[in-house]
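Asker: Here it is, the structure in full.
The values are calculated or read from the model by the stated rules, or taken from the named source; none is laboratory data. The structure presented is a predicted model; accordingly, all values stated were derived computationally and were not measured. A quick note on method: Cβ atoms are made from the backbone with ideal geometry, for glycine too, and the neighbour counts reach across all protein chains shown.
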Amino acid sequence: MSEPETLLEVTGLDVRYGDFQALFGVDLQVGQGRALALVGANGAGKTTLLRTIAGVLACAAGRIRYGGTDLTSAPPHQRIRRGVALVPEGRRLFPSLTVEENLLLGAAAAAGRDWPLDRIYDAFPLIARRRRHRASALSGGEQQAVAIGRALAASPALLLLDEISLGLAPAVVDDLYVMLAGLREGGATLVLVEQDLRRALAVCDDLTCLLEGRVVLAGPTAGTRREDVIAAYFGVGTAPGEKR
């Protein structure tokens with residue numbers, strides 16, 4: 001089987017918050033139609049990496065190429081129009097707006113029209129019946145489904161998902177991952193930040209582990225032992241900057 005075409009390529013990425021450096025020379029590749037799990041302890045730099053790919057944060061060094069185009073200096077709205085969408089940690093919905101109004105905001109700078117409202121409601125029956133309700137009246141699981149649906153409304157080729165299971169009941173998380181499985185079957189390319197290593201290894205094709213802002217483990221999930229991921233996660237036997 002031939003290797004999938006690279007959709008996202010991050011090379012030598014440094015990111016700083018003032019004098020604090022959060023990422024150090026990060027390299028990352030995501031193949032077209034594949035799902036990559038981004039794992040690491042709190043503070044490892046996972047959210048920083050996703051926000052930089054989405055254009056919310058600027059990088060101090062390095063390159064971000066998407067579909068062969070250099071997006072390193074592109075503002076967020078241009079990245080959305082090219083097909084990069086972020087589901088942020090904490091959902092970041094507009095609480096006073098209805099479900100449908102939040103979804104329509106996601107479509108405002110859409111890269112295409114692959115995800116009209118009807119298709120989003122078909123994929124997320126959890127929120128279809130709540131389309132006229134304000135986001136503030138939804139449960140945590142419903143809000144997360146709206147956040148994913150809002151990103152899909154932009155018709156992304158690359159979907160960045162940050163901690164979508166955080167704070168949700170296991171049954172709700174199961175429902176969300178059933179929805180993600182449907183997206184995978186449709187050919188979506190995903191980068192998923194997930195604290196549950198078992199789930200990450202089960203649903204993703206590839207894995208990258210960050211430790212203190214550096215990549216310490218990267219490769220396909222097939223054949224990757226959970227013990228090795230845990231060791232990289234906590235830096236056991238790995239010096240900072242040393243990739244396993």
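Asker: If I ask for residues that are in contact (Cβ under 8 Å) with a residue 12 or more places away in the chain and part of a strand (DSSP E or B), which ones from region 46-72 would you list?
Answerer: If the condition is that a residue be in contact (Cβ under 8 Å) with a residue 12 or more places away in the chain and part of a strand (DSSP E or B), then Ala61, Gly62, Arg63, Ile64, Arg65, Tyr66, Thr69 are the ones that fit.
Asker: Filter region 131-162 down to residues that are touching an Asp or Glu at 6+ places or on another chain (Cβ under 6 Å) and of a type outside the set (Gly, Ala, Ser), then give me how many there are. Step through it out loud before you land on a result.
Answerer: Going through region 131-162, the residues touching an Asp or Glu at 6+ places or on another chain (Cβ under 6 Å) turn out to be 131, 155, 162.
From what is left, the residues that are of a type outside the set (Gly, Ala, Ser) are 131, 162.
Here the count works out to 2.
Asker: Does Gly43 fit the bill of being part of a loop (DSSP other than H, G, I, E, B) and under 12 Å from Asp206 (Cβ atoms)? If you could, list the steps in order and put the result at the bottom.
Answerer: Details: part of a loop (DSSP other than H, G, I, E, B): yes; under 12 Å from Asp206 (Cβ atoms): no.
Against the criterion (part of a loop (DSSP other than H, G, I, E, B) and under 12 Å from Asp206 (Cβ atoms)), Gly43 does not qualify.
Asker: Here is a further query. Among what's in region 201-211 and is out of contact with any strand residue (DSSP E or B) (no Cβ under 6 Å at 6 or more places or on another chain) and modelled with pLDDT under 95, pick the residue that is nearest to Phe24 (Cα to Cα).
Answerer: Pass one, region 201-211, residues out of contact with any strand residue (DSSP E or B) (no Cβ under 6 Å at 6 or more places or on another chain): 201-203, 210-211.
Subsequent filtering for residues that are modelled with pLDDT under 95 retains 201-203.
On the way: Leu201: 25, Ala202: 28, Val203: 27 Å.
Filtering region 201-211 for residues that are out of contact with any strand residue (DSSP E or B) (no Cβ under 6 Å at 6 or more places or on another chain) and modelled with pLDDT under 95, the one nearest to Phe24 (Cα to Cα) comes out as Leu201.
Asker: Also, I was wondering about something else. For region 165-200, enumerate the residues that are surrounded by 12 or more Cβ atoms within 10 Å (Cβ to Cβ), aliphatic (A, V, I, L, M) and more than 15 Å from Ile148 (Cα to Cα).
Answerer: Scanning region 165-200 gives Ala169, Leu197, Ala200.
Asker: Could you list, in sequence order, the residues of region 1-56 that are small (Gly, Ala, Ser) and crowded, with 16+ Cβ neighbours inside 10 Å? Talk me through it step by step, then tell me what you get.
Answerer: First pass over region 1-56, keeping only residues small (Gly, Ala, Ser): 2, 12, 18, 22, 25, 31, 33, 35, 37, 40-41, 43-45, 54-55.
Result: Ala22, Gly31, Gly33, Ala35, Ala37, Gly40, Ala44, Gly45, Ala54, Gly55.
Asker: A further question follows. Just give me the residues in region 82-125 being crowded, with 22+ Cβ neighbours inside 10 Å, in a helix (DSSP H, G or I) and not polar (S, T, N, Q), in sequence order.
Answerer: Scanning region 82-125 gives Val99, Leu103, Gly106, Ile120.
Asker: If you don't mind, another one. Which residues, taken from region 156-187, are of a type outside the set (A, V, I, L, M, F, W, C) and modelled with pLDDT of 90 or more?
Answerer: Going residue by residue through region 156-187, those that are of a type outside the set (A, V, I, L, M, F, W, C) are 156, 162-163, 165, 167, 170, 174-175, 177, 182, 184-187.
Within region 156-187, Pro156, Asp162 qualify.
Asker: Would you pick out the residues in region 1-40 that are closer than 12 Å to Asp206 by Cα, touching an Asp or Glu at 6+ places or on another chain (Cβ under 7 Å) and β-branched (Val, Ile, Thr)?
Answerer: Result: Val39, single match.
Asker: Sticking with this one: What residue, among those in region 185-209 that are part of a strand (DSSP E or B) and of a type in the set (S, T, N, Q), is farthest from the chain's Cα centre (by Cα)?
Answerer: As a first pass, look at region 185-209 and keep what is part of a strand (DSSP E or B): 189-193, 206-209.
Restricting the remaining residues to those that are of a type in the set (S, T, N, Q) gives 189, 208.
Working: Thr189: 10, Thr208: 13 Å.
Per the stated criteria, the residue is Thr208.
Matching residues to (1) touching a residue at least 60 places away in the same chain (Cβ under 8 Å); (2) part of a helix (DSSP H, G or I):
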| position | (1), (2) |
| --- | --- |
| Ala145 | no, yes |
| Gly149 | no, yes |
| Pro156 | yes, no |
| Leu183 | yes, yes |
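Asker: Then there is this: Could you grab me the full set of residues in region 76-110 that are touching a Phe, Trp or Tyr at 6+ places or on another chain (Cβ under 8 Å) and free of Cβ contacts under 8 Å to residues at least 24 places away in the same chain?
Answerer: Answer for region 76-110, where residues must be touching a Phe, Trp or Tyr at 6+ places or on another chain (Cβ under 8 Å) and free of Cβ contacts under 8 Å to residues at least 24 places away in the same chain: just Glu101.
Asker: Quick one: is Val15 part of a strand (DSSP E or B), of a type in the set (A, V, I, L, M) and more than 15 Å from the chain's Cα centre (by Cα)?
Answerer: Numbers: part of a strand (DSSP E or B): yes; of a type in the set (A, V, I, L, M): yes; more than 15 Å from the chain's Cα centre (by Cα): yes.
When the stated conditions are applied, Val15 passes them.
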